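Enquirer: Mind looking over this structure? Questions follow.
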Amino acid sequence: MIKIDPNMGARISQGDIYHDVEYIESVGVEGDILVINKILYPYTIVLTQDCDLEQDYKFRIEDRLGDKIIPSVLVAPFYNADQFFLGTQLEELGIKMRAIQKMKKGRPTTEARLILNNEIPRYHYLDFPAESHLATSIIDFKHYFSLNTKYLVNIRTTNFVCKVSELYREKISQRFAAYLSRIGLPDNMEEG
Amino acid sequence: MAENDKPKVHALKLDEATGKMVLDIDSNLKYYSKKETPPDISLEPSISTKLLDEKRIPDVSTSGEKKEYAENKPRRVTIRARIIS
C-alpha cells in the first residue's frame, strides 16, 4: 500500500493527483461551427520532475524571466483496477482493451501477479489507503499526456485529490522514466 | 496413494534464464487441496489478494459521495460553438 498526503501544497508537485482533468483531443471548424473534442479523465497523476515544477512556480510568482517556466505538465491517467482487468477502462471512448484474467483455480494468474507486484514496466499498481477514498488503481504509462501548466494551476484548488508521498512518487517517476526510455527492437532480427 | 499420503515435497525445476534450480510452484500446489494449509513457499512473490477477492469496487469521490461505476471511466465531451465574426 502506498502512502498519501491529503494536504495540498502551495504549488503543483510531482505525485499530485487531480480528478476530472480535461485533455483537448482536437479543435476544428465545420463551416461556422467550432468543434472541440476533449477527453475527461477521472484521475491523473503528475509525473513532471518536482524540481522543474518548483522552479516554474518561483519564476511565475516572482514574475522573473521565463527561462525556467514550463509550458506543460506531464501526467498519466490511472484506472480503476477492476475495470482495468476487465479491459473496460476505455470503453466510454470506444476503445476495448485486452481483458486480463485475475484468478485461476482460486489463485492470481501469473500476469495478474506481475501487475500487482509492479513487474510489468507499462503499469503501476496503486493500492491507496482507505482515507484517500480512491479505489485500487493502475497507472498506464503508455497513456501519458501533457496539460497546459496554467490550466492545471487554475483547476488545482478545486480538482486536487491528494499527493502520493515521497519515495512512492519517486518510484512511480523512476518506473515511468524507464518505460519511456525503453528501446524497441524489431520483431525479426536478421541472423548473423 | 491416498490424497493425504502424497509426499509434501517442494519440487524444483530448472530456470532456463538463470540456469538455477527454482521452486516449481505449480507442481507443488498439485499436492495440496484447498482445505489444507499451503506450505510456506518462500520463493513465491508476496502479493496482496485483497482486490482480487473483493467484488467490483465502485469508486468514491473525495466528498465521500459514491459515483456510478461508469462515471469513473474517461469519456469524450464535444463542444460545438457558433463562430461570430
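Every number in this text was worked out from the coordinates using simple rules, so none of it is lab data. Note that the coordinates shown come from a computational prediction; the quantities given were computed from them, not determined experimentally. Note that each Cβ is placed from the backbone with ideal geometry, even for glycine, and that neighbours are counted across all protein chains shown.
Enquirer: Using +1 on the beta carbon of Lys and Arg, -1 on that of Asp and Glu, and nothing else charged, what's the dipole of segment A:1-136 about the Cα centre, debye to 20?
Expert: Working: 15 positive and 21 negative charges, 183 e Å.
Computed charge dipole of segment A:1-136: roughly 880 debye.
Enquirer: Evaluate the distance, in nm, between pseudo-label points positioned 7 Å from the Cα of A:LYS3 and of A:LYS105 along their respective Cα→Cβ axes.
Expert: A separation of 4.0 nm, rounded to one decimal place.
Enquirer: Within 10 Å of each candidate Cβ there may be at most 13 other Cβ atoms; applying that plus a DSSP loop requirement, which trypsin sites (Lys or Arg not before Pro) in segment A:98-192 survive? Please report the intermediate quantities before stating the final value.
Expert: On the way: sites: A:ARG98, A:LYS102, A:LYS104, A:LYS105, A:ARG113, A:ARG122, A:LYS142, A:LYS150, A:ARG156, A:LYS163, A:ARG169, A:LYS171, A:ARG175, A:ARG182; in loops: A:ARG98, A:LYS102, A:LYS105, A:ARG122, A:ARG182.
Of the trypsin sites (Lys or Arg not before Pro), the ones in loops of segment A:98-192 whose Cβ has at most 13 other Cβ atoms within 10 Å are A:ARG98, A:LYS105, A:ARG182.
Enquirer: Roughly how compact is segment A:54-114, stated as its Cα Rg over 2.2 N^0.38 Å to two decimals? Don't jump to the answer; show the numbers that get you there.
Expert: Values: Rg = 20.7 Å, N = 61, 2.2 N^0.38 = 10.5 Å.
For segment A:54-114, the normalised Cα radius of gyration comes out at 1.97.
Enquirer: Okay, moving on. Give me the mean projected area, in nm² to one decimal, of the convex hull enclosing the Cα positions of chain A. Don't jump to the answer; show the numbers that get you there.
Expert: Values: hull surface 66.8 nm².
Averaged projected area of chain A's Cα convex hull equals 16.7 nm².
Enquirer: Also, I was wondering about something else. Return the distance in nm (one decimal) between the two label points of a simple spin-label model at A:VAL29 and B:VAL77, each offset 7 Å from Cα along Cα→Cβ.
Expert: The two pseudo-label positions are separated by 2.5 nm.
Enquirer: Using a 10 Å cut-off around each Cβ of peptide A:33-43, what is the average number of partner chain Cβ atoms that fall inside?
Expert: Working: counts 4, 5, 4, 5, 4, 5, 4, 6, 3, 8, 3.
For peptide A:33-43, the averaged partner shielding equals 5.
Enquirer: Relative contact order of segment A:36-104, please, whole-number percent, based on alpha carbon pairs below 8 angstrom and at least 6 residues apart. Don't skip to the end; give the middle numbers.
Expert: Working: 64 pairs, mean separation 18.6, N = 69.
So the answer I get is 27 percent.
Enquirer: Continuing with the same structure: Taking a temperature of 20 °C and a viscosity of 1.002 mPa s, what whole-number D in µm²/s does Stokes-Einstein yield for segment A:63-162 with Rh from Kirkwood over alpha carbon pairs?
Expert: Rounded, D is 135 µm²/s.
Enquirer: Student exercise: in segment A:83-192, how many lysine pairs 8 or more apart or on different chains have Cα atoms under 28 Å apart?
Expert: Eligible lysine pairs with Cα atoms under 28 Å apart amount to 12.
Enquirer: Still on this structure, I have one more. Which whole-number percentage describes the relative contact order of segment A:59-177, with Cα contacts under 8 Å and a sequence gap of 6 or more? List each step's numbers first, then the result.
Expert: Values: 132 pairs, mean separation 33.1, N = 119.
Relative contact order for segment A:59-177 comes out at 28 percent.
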